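Working notes, structure below.
The values are calculated or read from the model by the stated rules, or taken from the named source; none is laboratory data. Not measured: the values here are computed from a predicted model. No Cβ is skipped: glycine too gets one built from the backbone with ideal geometry, and neighbour counts run over all protein chains shown.
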Amino acid sequence: MGKKDFWKGFGTAAALTAAVCIAWKPVCRVIPWESLPFGVEMPRSAKISMVEDYLERYYVEDVEKEKIDDMLYTGMMAGVGDQYTYYMTADSLNRYMDDSNGRFGGIGIEVSLTRDGETVIGRVNEGGPAERAGILSGDIIIGVDGEDMRGRTREDIVIRTRGDIGKPVKVKVYRESDNSTPEFEMVREEIVVRSVESRMLEDGMGYILITGFKENTCEQFMTAMETLQEQGMRALVLDLRYNPGGSVNTVYQIGDELLPEGTMVYTVDNQEKRRDYLCDAEYADLPMVVLVNGNSASASEILAGAIKDRGVGTLIGTQTFGKGLVQRLFFLPDGSGLHITIQKYYTPNGTSIHGVGITPDEVVELPEEYAEVWQVDSIPEEEDTQLKRAKEVLRQEMR
């Protein structure tokens, strides 16, 4: 191509680009774009409009514009490459807020994300719709209401199993034990999350299990602590196994009750701005063991890492999950929202555990037959090697 032809082509491309910005529809319908001598850089808004127009004109069936828009925003967020950063429709956002509050319409399950990106059912609430239908701990959710859920975010799947009380929902799972994919139909009921369980063990040892950090978790934790102290608790087993995390503010409030004065955790944002979460001087000064495993993630790792770094308790179990990121929810004017990773967090000693996890002070494995369970309730206490070791450590400290 000669110099004259080149500049002729360049001028044509520039003129067409300007025309697209001003009046894209008339332009895209009359210009043979495939015949241009080279690619034309397009403004984002013009390109989106052209894609919509082609779909409206040529797609063989009716186009659901609202669904296309939702997928567009979903794709924009997915382009970041962070599974914890995603778009939420208005309906999904409302259900997410209900979940955070600890009260919602659902089927009575708690789920976790595996390292392979699958959403596995951990706890199945006793007497809830899921248990009555036959769903089991360890089942992997692969479909909801006929829609394929493989590859979707944990939060997206959770939100889709929630909904209005009295409304039916179908959940399809993969069950590894018999390589089957059964589907269960249930009716949603009001679910009030009990994220804290407690009891007295022998020899003055108290036991508190936290399954997640909801807005109502701290209140439940404080009630459990007061009850155990009234019963003569002199040492504490804090069980964070299978705890996927939750609210940073909630875990901070609980940590303030267990840690001495100083930093519990600090975060750093994209401007390298640091924020320290500081504990006051009042705390429960008693021997403590924290149980963790590969499904202890995020907020539970914040608490476990602080207890380890500050030297106020012994970590027993296996390597934690390794999620050292903090997310924030942003509300959009139309009622939808953005769930965005805004900070990395560091333990008091300045350790980032993201992608690595926390190594316990004592690595103790469960018996092989319980290595793949997804809730503490599935482990008989007499065979819980991690809890047994926790009791031995506390007995030594109490002497």
Can you find a residue that is closer than 28 Å to Glu392 by Cβ and not β-branched (Val, Ile, Thr) anywhere in region 324-339? no
Tally of residues being surrounded by fewer than 17 Cβ atoms within 10 Å (Cβ to Cβ) and either among the small types (Gly, Ala, Ser) or in contact with a helix residue (DSSP H, G or I) (Cβ under 6 Å, 6 or more places away or on another chain) (or both) across region 321-363: 5
Residue tally, condition assigned to a loop (DSSP other than H, G, I, E, B), out of contact with any helix residue (DSSP H, G or I) (no Cβ under 6 Å at 6 or more places or on another chain) and either surrounded by 12 or more Cβ atoms within 10 Å (Cβ to Cβ) or not assigned by TED's automatic domain parsing to the domain that holds Gly204 (or both), over region 368-396: 5
Any chance Glu215 is charged (D, E, K, R) and more than 22 Å from Ser296 (Cα to Cα): no
Applying the selection to region 91-123, what residues are at pLDDT below 90 and among the hydrophobic types (A, V, I, L, M, F, W, C)? Leu93, Met97, Phe104, Val111, Leu113
Of all strands (runs of 3 or more DSSP E) completely enclosed by region 246-308, which ones contain at least 3 residues that are farther than 28 Å from Ala371 by Cα? 262-268, 274-279
Out of region 64-90, which residues are part of a loop (DSSP other than H, G, I, E, B) and either charged (D, E, K, R) or closer than 13 Å to Glu52 by Cβ (or both)? Glu64, Asp82
Close pairs from region 373-384: first charged (D, E, K, R), partner assigned to a loop (DSSP other than H, G, I, E, B), Cβ under 7 Å, at least 6 apart: Glu383/Pro367
Of all residues in region 24-73 being at pLDDT 85 or above and among the aromatic types (Phe, Trp, Tyr), which is farthest from Gly335 (Cα to Cα)? Tyr58
Quick one: which residue in Arg188, Arg154 is modelled with pLDDT under 95, in the same structural domain as Asn125 (by TED's automatic domain parsing) and not β-branched (Val, Ile, Thr)? Arg154
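Would you please name the residue that is surrounded by the fewest Cβ atoms within 10 Å (Cβ to Cβ), looking only at residues in region 114-139 that are hydrophobic (A, V, I, L, M, F, W, C) and closer than 19 Å to Asn243 by Cβ?
That would be Val120.
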